[in-house]
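A.B. asks: Can you keep this structure in mind? I'll have questions shortly.
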Amino acid sequence: MLDAIIVMSGLALFLGGVLGYASIRFHVQGNALVEKIDAILPQTQCAQCGFPGCRPYAEAIAEGRADINQCPPGGEANIHKLADLLGVEFKPLNAEHGEPKPKSVAYIDENTCIGCTLCLQACPVDAISGAPKQMHTIIAQECTGCELCIPPCPVDCIVMVPVESSIANWKWKPPMKEVA
Amino acid sequence: MRQLYHFNGGVHPPQHKDQSTIDPIRIPPLPEKLIIPLHQHIGSSAKALVQPGERVLKGQMIGQPEGHVSSAIHAPTSGKILSVGMEPVPHPSGLDALCVILEPDGLEEWIERVPLDPEMDPGTMRTKLKDAGVVGLGGAVFPSFIKLNPGSKNKVRTLILNGAECEPYITCDDLLMRERAFEIAEGAKLMQRLLGAEEVVLGIEDNKPLAIEAMKSAGGMEVVAVPTVYPGGGAKQLIKVLTGVEVPAGERSTDLGVQCFNVATAASVYRAIRLGEPVLSRIVTITGNVAQPGNYEALIGTPVDHLIRQAGALPGSSGAIMGGPMMGIDLPSTHVPVVKAMNCVIVKSEALFPKALDPMPCIRCARCAESCPAELQPQELYWFAKAKNFGKAQEYALFDCIECGCCSYVCPSHIPLVQYYRYAKSEIWAQEREKKASDLARLRHEFRVERMERDKREKAERLAQKSAQAKEL
Amino acid sequence: MNSPYITRSPSVTEIMVKVLAALIPAIAADVWFFGPAVLVTLALASVTALVLEAFMLRLRGRPVKPFLMDGSALLTAWLLGLSIPPMAPWWLIVTGTAFAIVIAKHLYGGLGSNPFNPAMVGYAVLIISFPVQMTQWLAPASIAQSHLDFSSILDYMFFHALPANTGLDALTSATPLDTLKTQLHLDKSMDAIMSLPIYGTIGGKWMAAAYLAGGLYLLQQKIVSWHVPVSFIGTIAILSGALHLVDPAHYASPLFQLASGATMIGAFFILTDPVTGPTTPKGKLLFASGAGFLTYVIRLHGGYPDGVAFAVLLMNICVPLIDAYTQPPVFGKKK
Ligand code: SF4
Ligand code: SF4
Ligand code: SF4
Ligand code: SF4
């Protein structure tokens, strides 16, 4: 009996030691972790997560200040990836932060635009080109669809246009008939 | 006798080639309009050079190559441009692409055709081929001028011409070789010169004795009858059979001293250089559920249903396949145009292509692996693709799969294996595109944050300077 | 629809039917040498397997008809039925089959997903739980002291009743492998053992030959590849041959090892089960030679007379590992 207890506690101690060492030895450096989280986030920079961009949100997650389910553009797929990376349970998207939408890009109605440059200042990725008093245009390839330019516009001339599927971005579907 | 090599696996599907080789190549009447897609090749789309209402001549360039990997598009006949817009094209997505609509005027009025000097400088000749819209007509439609550049450090020993035509039903290359052996042989000479190749070898499957005979009498190359086994006409498989060289996925065969072209491509090189004629037409096999299967020399842009009408559509048709039954794709409709990649249209019917049987679970019988010419483990790839474990699928060489369909053909559980691979590949590509986009966005955002900070700092500095100056005063 | 638009599939059903057909010579030999009891066993196992298969499919919400038609349950039943003593009581047959179908097959995900050979799981469970019933083999007709007619066979299997004047001992005998083991323990010499009456019988040898014939048919039909049988039989032959050469007094001849027990049915019908075996050619060689080695070791040193079932199950565990480490190089990437 006593032997057994000694053996078991010895084993427990040993394994605890190994685990403890491993967690120190393989601890992911703070910054490296932020990088990894940031690499998963979609970089829409829309601030729907409650932080002023993807990187601040990544930092908040790394420091445990934010949950992993606050990014609507990333959707559930990204939450799964974050859960895997951090070794935590998956949670459904927190609806407070918004719903995922189909990818869209902003479009400026160039006839209405008065060239006030307010949208230009709001765009997180400098995807709007234009100069004061000139009409502005959106560089569609660079627009992330964050919608941050819409509220500042005094004449409401920016609309979001869903990205159309084209031969270039078309994807094969998995077989319809699943194996029974 | 040349020593022949052997590749793994392969299958022997029923041929169905006889019905479309009875007649010589037929010339269909001009259709009412031609729908000419501007993107018929690998690489970037050509840029439209014409406006609606404009009159164009036969052979006039209407789409200009953009960027290095691109190719030109020409008016297949003289007539009026009706519009430039989105039209359905032969693509598995069924989506539209930018096309030029041309109304033929029936005059067939040519541009001035200038035969070129076959001894001209290779670099210039390659540019001419790019401008003549010469692309691989075997189905891959890769711009030929790029493949005809051996590079400075490589030595291409063998130029292989591919006349194997291994897929069932397709006979366009067979007829081309029978009837236009001279054009192929002359084109091959030009290509050999461009590549500096020591030898030209033409591989033809031994089920085409007439083509073999015709090509032998044309001369200028070694004609080799290769065993009939699908996919013996795959470029990599033919290279292996004829030279023993295995070209790994992602590597260029020129680096291994071989280059391979379809016979129809050789004929179009001949026409482009010796006759000054760009690629305006191609030979298309129309077969399957039609009264008179056969081969048509169709202008690019001819609506497929125009050709099917010529061959006599039969009742009970249920759509059409572009390409062969092993690797072809469903045409979204028969209103789509003939494109440079279209070697064959098979009109389907319930009798010819019965509905696929319901898939059963994989029993790990490894028949698929035994038949795989790329020597993959299809059952593992299937497993990973189905589980969306794309990283693992890539580890098991998903991108080495040539989508030949042998695995699905033999699978006793009727699993649509290839569809899983196409799906997995396009998901991986999409992920890569997204990753690129988000990396770009991150960079631009970081740049902007930095710029704003710098602006702030500079402003503060200026303020500080100003107040310092104010104090001094 | 998607390419390829055509298939040349011998369906799963066709494959299974061919395997079943390949078992017929062995069943015929069994009837010829040991009497019709085996037919009752097979019938009972088949019915149990099909009923349970249908039940489990329904329970798991799978379509019943295509899976019942695939023949895999029937094959499991036949393999198990041929592995247990022909006149085993009905409950032994039902228990074994139930274990094979319900636990070993369906609880692991059904056709294609089960890691262990269902028939061998059923067999292993039975021999561990009911060692006595599982080693009472009918004696070959030529040496049995009395015979039973068909109705008394049924009586015995279902009601455990024997005709008044016959004892069980008169009907059964230990198998050659079993006898060899016990006699060697008693320090008998090989020559003495081999002159026992059981070794004078030819039933077992004919059974082995019948399995071999069925196996050759499967090879010819390309249902199984040569790798597994050759490697399995080869390993056993080499091991037993080497030891027999060194010490013929204690080690039976390789021919004896190949012709007795489950060597042949194992080589062609059990180890070749695609679902529970490796898929790569090298893997198949490794898998079968491992099984051959284990079979021989268990025959020499194990507590059970034959080792094929345990060897198969042990090697089944290794299959994912074997597959992972024997991936052949792909086209163009060979050294
Ligand atoms: S919610 Fe917007 S800003 Fe926040 S992480 Fe997601 S994409 Fe980036
Ligand atoms: S905010 Fe609106 S009006 Fe002002 S520049 Fe942008 S688009 Fe034009
Ligand atoms: S052929 Fe089909 S059933 Fe056999 S291993 Fe391949 S995928 Fe599985
Ligand atoms: S489709 Fe791909 S995996 Fe299947 S046999 Fe062809 S190359 Fe191999």
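The values are calculated or read from the model by the stated rules, or taken from the named source; none is laboratory data. Bear in mind the structure is a predicted one, so any value in this text is a computation, not a measurement. With ideal geometry, Cβ positions are generated from the backbone for all residues, glycine too; neighbour counts draw on all protein chains shown. Please note that ligands, DNA and RNA were not included when accessible areas were found on the heavy atoms of the full protein model with its side chains. Shrake-Rupley method; radii C 1.70, N 1.55, O 1.52, S 1.80 Å.
A.B. asks: Out of the residues in segment A:120-143 that are touching a strand residue (DSSP E or B) at 6+ places or on another chain (Cβ under 8 Å) and within 14 Å of chain B (Cβ to nearest Cβ), which is farthest from ligand 4 (Cβ to nearest atom)?
C.D. replies: Filtering segment A:120-143 down to residues touching a strand residue (DSSP E or B) at 6+ places or on another chain (Cβ under 8 Å) leaves A:120, A:127-130, A:135-140, A:143.
Okay, now just the ones that are also within 14 Å of chain B (Cβ to nearest Cβ), so A:120, A:127-129, A:138-140, A:143.
On the way: A:LEU120: 50, A:ALA127: 40, A:ILE128: 45, A:SER129: 45, A:ILE138: 42, A:ILE139: 39, A:ALA140: 36, A:CYS143: 38 Å.
Within segment A:120-143, the match that is farthest from ligand 4 (Cβ to nearest atom) is A:LEU120.
A.B. asks: Considering B:SER333, B:SER371, which residue is open to solvent by less than 50 Å² (accessible area, probe 1.4 Å) and within 16 Å of ligand 4 (Cβ to nearest atom)?
C.D. replies: Values: B:SER333 fails: within 16 Å of ligand 4 (Cβ to nearest atom).
One residue alone meets the criteria, B:SER371.
Here's the yes/no breakdown for (1) under 23 Å from C:TRP226 (Cβ atoms); (2) more than 9 Å from chain C (Cβ to nearest Cβ); (3) surrounded by 21 or more Cβ atoms within 10 Å (Cβ to Cβ); (4) of a type in the set (Phe, Trp, Tyr):
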{"site": "B:SER349", "(1), (2), (3), (4)": "no, yes, no, no"}
{"site": "B:GLN379", "(1), (2), (3), (4)": "yes, no, yes, no"}
{"site": "B:ALA387", "(1), (2), (3), (4)": "no, yes, no, no"}
{"site": "B:PHE390", "(1), (2), (3), (4)": "no, yes, no, yes"}
{"site": "B:ALA393", "(1), (2), (3), (4)": "no, yes, yes, no"}
{"site": "B:LEU398", "(1), (2), (3), (4)": "no, yes, yes, no"}
{"site": "B:GLY405", "(1), (2), (3), (4)": "no, no, yes, no"}
{"site": "B:SER408", "(1), (2), (3), (4)": "no, no, yes, no"}
{"site": "B:ILE415", "(1), (2), (3), (4)": "no, yes, yes, no"}
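A.B. asks: Residues that are open to solvent by 10 Å² or more (accessible area, probe 1.4 Å) and more than 22 Å from C:THR201 (Cα to Cα): list the helices (runs of 4 or more DSSP H) wholly contained in segment C:237-335 that include at least 2 such residues. Reasoning before the result, please.
C.D. replies: Values: elements: C:254-259, C:281-301, C:308-325.
It comes to C:281-301, C:308-325.
A.B. asks: When you scan segment C:43-61, do you find a residue that is touching a strand residue (DSSP E or B) at 6+ places or on another chain (Cβ under 9 Å), in a helix (DSSP H, G or I) and open to solvent by less than 10 Å² (accessible area, probe 1.4 Å), even just one? It would help to see each step written out before you state the result.
C.D. replies: Keep residues of segment C:43-61 that are touching a strand residue (DSSP E or B) at 6+ places or on another chain (Cβ under 9 Å), which gives none.
Scanning segment C:43-61 turns up no residue that is touching a strand residue (DSSP E or B) at 6+ places or on another chain (Cβ under 9 Å), in a helix (DSSP H, G or I) and open to solvent by less than 10 Å² (accessible area, probe 1.4 Å).
A.B. asks: Could you please give the count of residues in segment C:77-126 that are under 14 Å from the mean Cα position of the chain (by Cα) and closer than 24 Å to C:GLY35 by Cβ?
C.D. replies: 16
A.B. asks: Find all pairs meeting these conditions: Cβ atoms under 8 angstrom apart; at least six residues apart or on different chains; first residue within segment B:57-68 and more than 16 Å from B:GLY106 (Cβ to Cβ); second residue among the basic types (Lys, Arg) and open to solvent by less than 50 Å² (accessible area, probe 1.4 Å).
C.D. replies: B:PRO65/B:LYS130
A.B. asks: Just the residues that are in contact with a Phe, Trp or Tyr (Cβ under 6 Å, 6 or more places away or on another chain) and of a type in the set (A, V, I, L, M, F, W, C), please, taken from segment B:403-421.
C.D. replies: If we filter segment B:403-421 for residues that are in contact with a Phe, Trp or Tyr (Cβ under 6 Å, 6 or more places away or on another chain), which is where we start, we get B:417, B:420.
Answer for segment B:403-421, where residues must be in contact with a Phe, Trp or Tyr (Cβ under 6 Å, 6 or more places away or on another chain) and of a type in the set (A, V, I, L, M, F, W, C): just B:LEU417.
A.B. asks: Can I ask one more? Take the residues in segment A:144-169 that are over 30 Å from B:PRO88 (Cβ atoms) and β-branched (Val, Ile, Thr); name whichever of them is farthest from the other protein chains (Cβ to nearest Cβ).
C.D. replies: Taking segment A:144-169 and keeping what is over 30 Å from B:PRO88 (Cβ atoms), we get A:144, A:146-158.
Restricting the remaining residues to those that are β-branched (Val, Ile, Thr) gives A:144, A:150, A:155, A:158.
On the way: A:THR144: 5, A:ILE150: 18, A:VAL155: 24, A:ILE158: 18 Å.
Top of the filtered list is A:VAL155.
A.B. asks: Filter segment A:41-62 down to the residues that are open to solvent by 10 Å² or more (accessible area, probe 1.4 Å) and either hydroxyl-bearing (Ser, Thr, Tyr) or within 16 Å of ligand 2 (Cβ to nearest atom) (or both) and list them by number.
C.D. replies: A:THR44
A.B. asks: For segment A:129-180, which positions are small (Gly, Ala, Ser), in a loop (DSSP other than H, G, I, E, B) and farther than 27 Å from B:ALA424 by Cα? Give the steps one after another, and end with the answer.
C.D. replies: Looking only at segment A:129-180, we keep the residues that are small (Gly, Ala, Ser), and these are A:129-131, A:140, A:145, A:165-166, A:168, A:180.
So of that shortlist, the ones also in a loop (DSSP other than H, G, I, E, B) come out as A:130-131, A:140, A:145, A:165-166, A:168, A:180.
Within segment A:129-180, A:GLY130, A:ALA131, A:ALA140 qualify.
Rundown of residues vs (1) more than 14 Å from chain B (Cβ to nearest Cβ); (2) of a type in the set (A, V, I, L, M, F, W, C); (3) open to solvent by 10 Å² or more (accessible area, probe 1.4 Å); (4) over 15 Å from C:THR76 (Cα atoms), yes/no style:
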site: C:THR13; (1), (2), (3), (4): no, no, yes, no
site: C:VAL17; (1), (2), (3), (4): no, yes, yes, no
site: C:LEU20; (1), (2), (3), (4): yes, yes, yes, no
site: C:ALA28; (1), (2), (3), (4): yes, yes, yes, yes
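A.B. asks: Among helices (runs of 4 or more DSSP H) lying entirely in segment B:87-185, which contain 3 or more residues that are surrounded by 17 or more Cβ atoms within 10 Å (Cβ to Cβ) and within 16 Å of the chain's Cα centre (by Cα)? It would help to see each step written out before you state the result.
C.D. replies: Numbers: elements: B:122-131, B:144-147, B:172-179.
The qualifying helices (runs of 4 or more DSSP H) are B:144-147.
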